[in-house]
């Protein structure tokens, strides 16, 4: 996704929100709440996310090579309770939640402020409590206008290939 197609306010808001990080590989999907999301490149738009070592989401991100982020409303109490600590393996924490998907197929909450759909481009494994994953934003939008944003990005992608 070209940085010119993304609302310039979204990258500015990145460090100001708790996020639900989600991933899906095959039939497994999970999520975890994090505050450690940061833009690290403008063109292409790349973001980093820090993930505690050994969480259930790491193998899903590495297998599928994708992840999604939904910026949560800081007053939201339900999502942090459901995803902190991260849910155990074999449990689908998304049951009963309103979800959508964009380009990568990762679950994206319909409740939230905005979302980023990312393809994994790299990761760092320092000798520390967290690993850093780097994703290229392939789709983004406002949760309130989810379908409009996906539709606009799809049209943009088609126009770029023609």
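Laboratory data are not the source of any read-out in this text; all were calculated from the coordinates shown. As the structure is a prediction and not an experimental result, all values here were calculated from the model. For neighbour counting, all protein chains shown are included, and Cβ atoms are generated from backbone atoms with ideal geometry for every residue, glycine included.
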Next item on the list: Could you line up 75, 65 from fewest to most neighbouring Cβ atoms inside 10 Å?
Entry: 75, 65
Note to self: If I histogram all Cα-Cα distances within the range 70-112 using bins 5 Å wide from 0, what percent of pairs lands in each bin?
What the structure shows: 5, 19, 28, 29, 15, 4
Note to self: What percentages make up the Cα-Cα pair-distance distribution of the range 75-139 when the bins are 5 Å wide from 0?
What the structure shows: 3, 13, 18, 20, 24, 17, 4, 1
Margin query: Just want the ordering: 82, 53, 131, from fewest to most Cβ atoms lying within 10 Å of their own Cβ.
Written below: 53, 82, 131
Next item on the list: May I ask you to sort 77, 110, 29 by Cβ crowding, counting other Cβ atoms within 10 Å and putting the fewest first?
Entry: 77, 110, 29
